[in-house]
1. Let me have the 222 nm mean residue ellipticity of the chain computed from DSSP H runs of 4+ only, each contributing -39500 (n - 2.57), with the sum over all residues rounded to the nearest 500.
2. Nearest 10 degrees, 0 to 90: what angle lies between the long axis of helix 118-162 and the longest principal axis of the chain (Cα atoms)?
3. Could you compute the FRET efficiency for residue 84 and residue 8, with r as their C-beta to C-beta distance and R0 at 22 Å, rounded to 0.05?
4. Using all alpha carbons of the chain, what is the percent of pairwise distances in each 10 Å bin, ordered from the shortest bin to the longest?
5. Determine the relative contact order of the chain: mean sequence separation of Cα pairs under 8 Å and six or more apart, normalised by residue count, in whole percent.
6. Which angle from 0 to 90°, rounded to the nearest 10, does the C-alpha axis of helix 48-59 make with the longest principal axis of the chain?
7. Compute the helix-to-body angle for 8-21: its Cα long axis versus the longest principal axis of the chain, expressed 0 to 90° and rounded to tens.
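Taken together, the values in this text are just the output of simple stated rules run on the coordinates, not laboratory data. What you see is a predicted model; the values in this text were computed from it and never measured. Positions of Cβ are generated from backbone atoms using ideal geometry, with glycine treated the same way; all protein chains shown enter the neighbour counts.
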């Protein structure tokens, strides 16, 4: 197990290189990641790639970003994110009729959410949209800054290495 975590920095470095080296504008790369984050927060797990990739193709933005951005919700994180977003939105919009304990103890698939009822489903969607409202612009500006910084450093390095 320790060995797995020891490789995390190298994996993050590889992911960063893939992000910044994509052959699109910085804005298109950042838009792909922002789309992925939005879809990852607002669309139920299992439908995310079906929605994000065609949209990325249609808008000519980063398909890699649109795909990887959806992984904000994955089998490890949905057990925390989905109950929290549903509970918070339920408290805000419906007065808290669903307990957090009840939400923590269900399986987060489409049928389970529907079995909770319409109010829970609307709470789930509203909570996802609230999280997406924060995560989407954050993802856009962070990824854009990474890409611009990398490309400026690369340009500077190339200019310095070719100068006599």
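1. Using -39500 (n - 2.57) per qualifying helix, the result is -25500 deg cm²/dmol.
2. With rounding to tens, the tilt is 10 degrees.
3. On the way: r = 24 Å, r/R0 = 1.11.
Efficiency computed from Cβ-Cβ geometry: 0.35.
4. 11, 31, 28, 20, 7, 2, 1, 0
5. It rounds to 30 percent for the chain.
6. 40
7. The helix 8-21 is inclined about 70 degrees to the chain.
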